[in-house]
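To keep things clear, I will list the structure first and then write my remarks on it.
The values are calculated or read from the model by the stated rules, or taken from the named source; none is laboratory data. Note that this is a predicted model, so its numbers are computed, not measured. A quick note on method: Cβ atoms are made from the backbone with ideal geometry, for glycine too, and the neighbour counts reach across all protein chains shown. Side chains are part of the model used for accessible areas, which takes the heavy atoms of the whole protein and leaves out ligands, DNA and RNA. Shrake-Rupley method; radii C 1.70, N 1.55, O 1.52, S 1.80 Å.
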Amino acid sequence: MFRKVFCISLLSVGVFGFSQKKWTIQECVDYAIRNNLQVQAQMYNKDVQTKNLEMAKKEYLPSVSGTINNNANFGQTLVGTSSIRNDSYYNGANVGASMLVYNNGRLEKSIRKTGFDVEASLQDVETIKNNIALQIAQQYLNVMLNREIKKISESAMDSAQKLYDRAKITTEVGTTAQTVLAESTASLAREKQNVKTAQINVDKALFAMAQLLQLQDYKTFDVVDIPVPDKLAPQSESVEEVLNMAYTSQPVVKAAEIRIKAAEAQTEVVRTNFYPTITANAAIGSFYNNLLNKNTLGYQQDPVTGALTPIMERNFFQQYSDNFGQQLSLSANIPIFNKGITKLQVEQTKINETIAKNNLEQQKFQLKQDIQQAQFNADSNFEVYTSAVEAEKSTKLALDFAEKSYEAGRSTIYDVTMARNNYANAQGSVAQAKYNYLFSIKVLDFYAGRGINL
């Protein structure tokens, strides 16, 4: 009995420990990438392109096939001006092989084009992974922001609690009016409400994070706190520096560049239709034929005795042995006129090349705009952060003066409450500006190819 209770206790501890596991940013990113449906869909597309490449390489091998024919004929057939009975059964079998000898390098060019398709699909996968990592980082910082706001609210509630405790004592001994206790009670209730609201916002942020990860059990989900420096420095990289790194590191640009090569390779594949195709063929086979309405093919006369001997039909195996044959051939398919379709196909693939090049320019232009926007956000968010820090310092000083003035009896609890609210709002503004700036920096790191690290 004791052993059973002990095992159940260990199991309960293990389940509780698992449910209380806190996720790191890297664990969130890895899990999201493994389970995201968009990533899985793109991986399937990559697998399709990989199979296309394997099939293109298999085209070098000869194709081998076998056929078996069975025919049965019944009834009359015309011979000259009369008809005779022609009941017969035919069985034939052969094995043939065909191999491409020359097509102006179509196979090599097809393999090259399909290889580019595989590379482009891999870059598409990386693009989706990067976007997911950026979304995870943004939501992770949102959780951290709401937790910091909660701490600010809890600090304000502690201060309100102290004022309430003091107001209760002074009111009870009659040194302060009943209105002081009423105001301190209301102030404490408001701060408790703010703490509750802050906790709800933390839970909402964690819930949004769990939904982003597509977790079924979101109620026990939690993340590890990350260290955030108290003071932040301005970023020093220019748009041109980040842009140059982005052009060489961003998978969306690499995919566009690879698709230009794929379009050019496809043009070369289509051009091979102007040239002859030479194919080598080899075949072996045999057949069996049986006249169903008679067992003899005719009669043979003995030259000495003059006696007639019937010529019997050979059996199945004898005929297959006697009728066995081989065949070798070399054929050339020479294009002469196909209504100008090949020429139009080449022109069409050239248009696709232009489209691919235009897509690359679009991707670079969009990337430049995104980086410029990220740079502007980083600079403006840092300015907001520095001004919020200054506002926090001044409101803290005002709160200190209000508390000392209240202790000296020269101000009311209402003045202290207002000063504390101003200071809490200023702290919240600093936290908001700080995390906005941190995310802006992470966006620039993302575009520069440095990954998402918090």
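Summarising the label geometry, the points placed 7 Å from Cα in the beta-carbon direction at Ser236 and Gln348 lie 5.6 nm from one another. Summarised as an ellipsoid, region 409-454 has semi-axes of 41, 6, 5 Å, derived from the eigenvalues of the Cα gyration tensor scaled by 5 and square-rooted, with the largest first.
Whole-Å semi-axes of region 351-401's equivalent ellipsoid, largest first, each the root of 5 times a Cα gyration tensor eigenvalue?
Values: eigenvalues 470, 6, 3 Å².
Whole-Å semi-axes of the equivalent ellipsoid: 48, 5, 4.
For the chain, the fraction of 1.4 Å probe accessible surface lying on carbon and sulfur atoms is 56 percent.
Compare the Cα positions of Asn36, Pro303, Thr24 along the charge dipole of the chain (+1 at Cβ of Lys, Arg; -1 at Cβ of Asp, Glu; about the Cα centre) and return the one farthest towards the positive end. Going by the charge dipole, the pick is Pro303.
Computed from point charges on the beta carbon alone (+1 for Lys and Arg, -1 for Asp and Glu), the dipole magnitude for the chain about its Cα centre is near 660 Debye.
Using a probe of 1.4 angstrom and keeping all protein chains present, the accessible surface of the chain works out to 61 square angstrom per residue. As a length-normalised measure over Cα pairs under 8 Å and 6 or more apart, the relative contact order of the chain settles at 22 percent. Phi-derived couplings, Karplus 6.51 cos²θ - 1.76 cosθ + 1.60 at θ = phi - 60°, listed residue by residue for region 331-338: 10, 10, 9, 9, x, 10, 7, 10 Hz, with x used for Gly and Pro.
The calculated FRET efficiency for Lys162 paired with Asp379, based on their beta-carbon distance and R0 = 56 Å, is about 0.90.
For region 184-276, give the magnitude of the charge dipole about the Cα centre (Cβ charges: +1 Lys/Arg, -1 Asp/Glu; no others), in debye to the nearest 20. It would help to have the intermediate numbers written out before the result.
On the way: 10 positive and 12 negative charges, 81 e Å.
Around 380 debye, computed over region 184-276.
Note down the Stokes-Einstein diffusion coefficient of region 49-199 in µm²/s, whole number, using a Kirkwood radius over alpha carbon pairs, 37 °C, and 0.692 mPa s. Result for D is 128 µm²/s. Let me make sure I get this right: for region 199-287, a, b and c are the square roots of the gyration tensor eigenvalues over alpha carbons, sorted descending. Under 1.5 in a/c it's rounded, otherwise prolate if a/b > b/c, else oblate. Which is it? It comes out oblate by the Cα gyration axes.
Could you work out the equivalent-ellipsoid semi-axes for the chain, taking the square root of 5 times each eigenvalue of the Cα gyration tensor, largest first, in whole Å? All intermediate terms of the calculation are to be shown ahead of the outcome.
Details: eigenvalues 1551, 206, 49 Å².
Computed over the chain, the values are 88, 32, 16 Å.
Maximal additional length on extending the Ser88-Thr50 stretch stands at 8.5 nm, based on 0.36 nm per residue less the C-alpha distance. Its Cα centre serving as origin, region 17-72 has a Cβ charge dipole (Lys and Arg +1, Asp and Glu -1) of approximately 140 debye.
In nm, what is the difference between 0.36 nm times the number of residues separating Ser65 and Ile341 and their Cα-Cα distance?
Numbers: separation 276, 0.36 × 276 = 99.36 nm, distance 3.13 nm.
96.2 nm is the gain from fully extending Ser65 to Ile341.
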